[in-house]
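The values are calculated or read from the model by the stated rules, or taken from the named source; none is laboratory data. Note that this is a predicted model, so its numbers are computed, not measured. Heads up, the Cβs are rebuilt from the backbone with ideal geometry, glycines too, and the neighbour counts pull from every protein chain shown. Ligands, DNA and RNA are stripped out before the accessible areas are found, and what is left, the full protein with its side chains, is counted by its heavy atoms. Shrake-Rupley method; radii C 1.70, N 1.55, O 1.52, S 1.80 Å.
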Amino acid sequence: MGSEGKELEKNKAVDRAEQVLYKTYNRFPVIFERGEGVHLYDSQGTEYLDFGAGIAVAGLGYNDPEYTRVLKEQAERLLHISNLFYNQPAIDAGEKLLKASGMEKVFFTNSGTEAVEGAIKIAKRCAFNRDGHGGHEIIAMRHSFHGRSLGALSVTGNDHYQEPFAPLLPGIKFADFNDLNSVKELINENTCAVLMETIQGEGGIYPASEEFLKGVRALCDDHDMLLMLDEIQCGMGRTGFMFAWQEYGVKPDVMTVAKALGNGVPVGAFLAQGKAACAMKPGDHGTTYGGNPFVCAAADTVLRLFEERKMTEHVRTVGAYLWEKLEGFAHSHDCVVGHRGKGLMQGLEFDRPVGDMVKKALLEQHLVLISAGTHVIRFVPPLVITKQDVDEMIEKLGETL
Ligand SMILES: *Cc1c(COP(=O)(O)O)cnc(C)c1O
């Protein structure tokens, strides 16, 4: 088929998609068919440089031979078995996660949202165990993002997302991220937990300050509240540490992971230590798919390959290089008004909405970028990205502007 024929074919497929798919997204008119390393290929065979990793998911990049081999073998052996039985990949992946985090127990979920749901339930259950009654409160942060289910939405500090679905969970209060006093002021005898992202992702790439995170940890200790860190986006090596909180010298009582944990296979987890690790009892929580052998083989392989390939070291090196290049870019472009982040999770804030820029980069430069909020372009590439890829991205970004 000629290139015009393929264009026609694609447009037809896009029309069909709009007929069938519930429209909760404004999608770009590209159909991706294949990935290799840090590159994606669309239905016309055009190559794209990917700095989104499917929203911080494909840490190992696309079609990693070892990862793909394990998945093929596991698919032929056993995809699914219920949680009424044990499966070896879940044991292996669980042990590796606990070793990497120093947490005590893990529960595998199908998504980040469900991991957050689990964390909320732990907080409530823990306080119920202590006080013998419900009605406890959780402090979350403004401009946070924790997912779209009603529980996760309840702790997502975004009026625009929340308003049409009210009433949501009662007992959720919002503090200002990086403002310790605003947390302090919300604490009362019913407060059972503080939930936040270590680095706010969707909200525009805002890392917690060390003072804030340590301060919240101390408040949680003083008031018998759980510190619950959402590491769904910033965890799994993205900041140059396996989990972002490890750089701060604090440890959460509960943490959530997902996104890069499965490298594209839908798997998340919540992890807990101390009394949070045994707060829920048999019957309190469950899942049909969660932690099945297929997704756990994926997570186990991701964790193994991260270790074997010294992924966090690589991220620190390339992340520092990306920082240097984006700093240079910020200084030479007046429209850039901010540069934040850590490792391979960085954002450039512009003086205008970035939607058109993202679209232009994709369609004209074949560079996949994603936004975070309206004014920030977020750089969350596959973790295997090289300095050369960074140079190419910077060039394409310059061309786009
Ligand atoms: C993406 C994300 C979620 C939701 O994860 P899903 O897998 O989309 O359900 C929750 N918290 C944070 C910080 C995220 O980035």
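Evaluating 6.51 cos²θ - 1.76 cosθ + 1.60 at θ = phi - 60° for every residue in the range 221-227, the Karplus couplings come out as 5, 5, 10, 6, 10, 7, 8 Hz, glycine and proline recorded as x.
Here the chain is treated with +1 on each Lys and Arg Cβ and -1 on each Asp and Glu Cβ, and its dipole about the Cα centre works out to around 840 debye. Taking Thr301, Thr113 and ordering them by how much accessible surface each has at a 1.4 Å probe, largest first, produces Thr113, Thr301. Along the range 10-22 the Karplus relation, 6.51 cos²θ - 1.76 cosθ + 1.60 evaluated at θ = phi - 60°, assigns HN-Hα couplings of 4, 4, 5, 5, 5, 4, 4, 4, 5, 6, 9, 8, 4 Hz to successive residues, with x for each Gly and Pro.
Solvent-accessible surface of protein heavy atoms, probed at 1.4 angstrom with all chains present, puts Leu169, Leu369 in the order Leu169, Leu369, largest first. Taking the convex hull of the alpha carbon atoms in the range 55-105, what volume per residue do you get, in Å³? That works out to 127 Å³ per residue.
The mean accessible area for residues of the range 66-308, using a 1.4 Å probe and ignoring ligands and nucleic acids, is 42 Å² per residue. Principal axis analysis of the Cα atoms in the range 71-142 yields extents of 47, 28, 23 Å, listed in decreasing size. The trypsin sites (Lys or Arg not before Pro) of the range 1-44 that DSSP puts in a loop, and whose beta carbon has at most 13 other beta carbons within 10 Å, are Lys23, Arg27. Taking every protein chain into account, the 1.4 Å probe leaves Thr312 with about 40 Å² of accessible area, to the nearest ten.
In whole angstrom, note down how far apart the Cα centers of the range 111-136 and the range 1-29 are. A separation of 43 Å, based on Cα centres. Remark: for residue pairs Lys310/Lys342; Lys105/Lys310; Lys10/Lys359; Lys23/Lys360; Lys99/Lys310; Lys342/Lys387, the C-alpha separation exceeds 20 Å in Lys105/Lys310; Lys23/Lys360. DSSP assigns beta bridges within the range 66-308; of those with both partners inside it, close to 40 percent run antiparallel. Calculate what fraction, in whole %, of the accessible area of the chain sits on carbon and sulfur atoms when a 1.4 Å probe is rolled over the protein chains. Looking at the chain in its full context, I get 52 percent from C and S. Sorted largest first, the principal axis extents computed over the alpha-carbon atoms of the chain equal 70, 54, 44 Å. Taking 17 Å as the straight-line reach from the Cα of Lys96, the aspartates and glutamates in range (excluding those fewer than 8 positions away in the same chain) are Glu104, Glu231, Asp300, Glu307, Glu308. Among the protein heavy atoms, those of Glu117 account for about 50 Å² of accessible surface (1.4 Å probe, every chain in place). Semi-axes of the equivalent ellipsoid for the range 136-246, computed as √(5λ) from the eigenvalues of its C-alpha gyration tensor and ordered from largest down, come to 21, 19, 11 Å. In the chain, the DSSP-assigned H stretches of four residues or longer account for a calculated mean residue ellipticity at 222 nm of -12500 deg cm²/dmol, using -39500 (n - 2.57) per stretch and the full residue count as denominator. Residues Asp391, Asp253, sorted by accessible area with the largest first, give Asp391, Asp253 [1.4 Å probe; ligands and nucleic acids excluded]. Hey, how many Å between the Cα centroid of the range 160-185 and the Cα centroid of the range 327-383? So the two Cα centres are separated by 28 Å.
The GNM of the chain, with springs linking C-alpha atoms under 10 angstrom apart, assigns the highest mean-square fluctuation among Ile232, Ile81, Ile187 to Ile81.
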